[in-house]
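Structure first, then comments.
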Amino acid sequence: SGSLWHVTSGCAAEDPGHSGSRVAYFGLDSSCTYNVVSGNGYARVFGSLTSRPFALAPGAVRLRYNEWTGLPGVWTSAYAGLQISIDGGLSFEALRGYGRMSRVVPDPSLPLMENGSPIWRPVDLDLSEYAGKQVVLRFFFNAVGANTNLNRGYAVDDLELVQVSLAPDGAAATC
């Protein structure tokens, strides 16, 4: 079917744990799921939210954001997460994610849901090995099979890049 990424004030945006009234969401606002029906069955849904290429400054760099993960579990057939490219978007490395091999795997002991609803969680990633390079970031979602389409989807908000540099006295400082 294609990508369901869009900016919304519904579904994930209505839950506490992030700032503002709008979020980037993979799902349908009408049902707060990614349940797309096609013909006699569910459509395969997948898609990405991709940045333009941008340069990371030299030094220590962190990416912080909040995510809302409406998957049935950390290791499921559906997968979601963040990828990074250093070749202009020709190829991507799975940096952090659910359901597939990634460099950083979320703590499986942290619940994705409370009382049957997804919850917002903060993410803090060290991108220092990419400092000084041109990068492309891509949030992705892939439902893989039709049997999981009734889950809630995936959302991100409050993205910020933080560069950590050394002050003249050698102490760490953020800018």
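The values are calculated or read from the model by the stated rules, or taken from the named source; none is laboratory data. The model shown is predicted, which means the values in this text are computed figures rather than measured ones. Virtual Cβ from ideal backbone geometry, glycine too; neighbours counted across all protein chains shown. SASA here: full protein model, heavy atoms, side chains in, ligands and nucleic acids out. Shrake-Rupley method; radii C 1.70, N 1.55, O 1.52, S 1.80 Å.
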When (1) over 26 Å from residue 53 (Cα atoms); (2) at pLDDT 85 or above; (3) of a type in the set (Phe, Trp, Tyr) are applied to residue 141, the one that fails is (1)
Scanning the range 41-56 for residues that are within 20 Å of residue 81 (Cβ to Cβ) and in a strand (DSSP E or B), the one modelled with the lowest pLDDT turns out to be 45
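The rows are residues; the columns are (1) open to solvent by 10 Å² or more (accessible area, probe 1.4 Å); (2) not β-branched (Val, Ile, Thr).
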position	(1), (2)
6	yes, yes
16	yes, yes
20	yes, yes
25	no, yes
33	yes, no
48	yes, yes
78	no, yes
94	yes, yes
Handout entry: Condition check for residue 124: charged (D, E, K, R) and part of a loop (DSSP other than H, G, I, E, B)
Key = no
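Any idea which of 74, 61 is modelled with pLDDT of 75 or more and among the β-branched types (Val, Ile, Thr)?
Going through 74, 61 in turn, the sole match is 61.
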Of the residues in the range 10-38, those that are closer than 20 Å to residue 144 by Cα, outside any loop (DSSP other than H, G, I, E, B), at pLDDT below 95 and not small (Gly, Ala, Ser) come to 26, 28, 33, 37
The condition of being of a type in the set (S, T, N, Q), open to solvent by less than 20 Å² (accessible area, probe 1.4 Å) and at pLDDT below 90 holds, among 174, 148, only for 148
Checked against (1) surrounded by 14 or more Cβ atoms within 10 Å (Cβ to Cβ); (2) at pLDDT below 70; (3) not basic (Lys, Arg), residue 163 satisfies every condition except (2)
When every residue in the range 109-121 that is in contact (Cβ under 8 Å) with a residue 40 or more places away in the chain and assigned to a loop (DSSP other than H, G, I, E, B) is compared, the one nearest to residue 66 (Cα to Cα) is 119
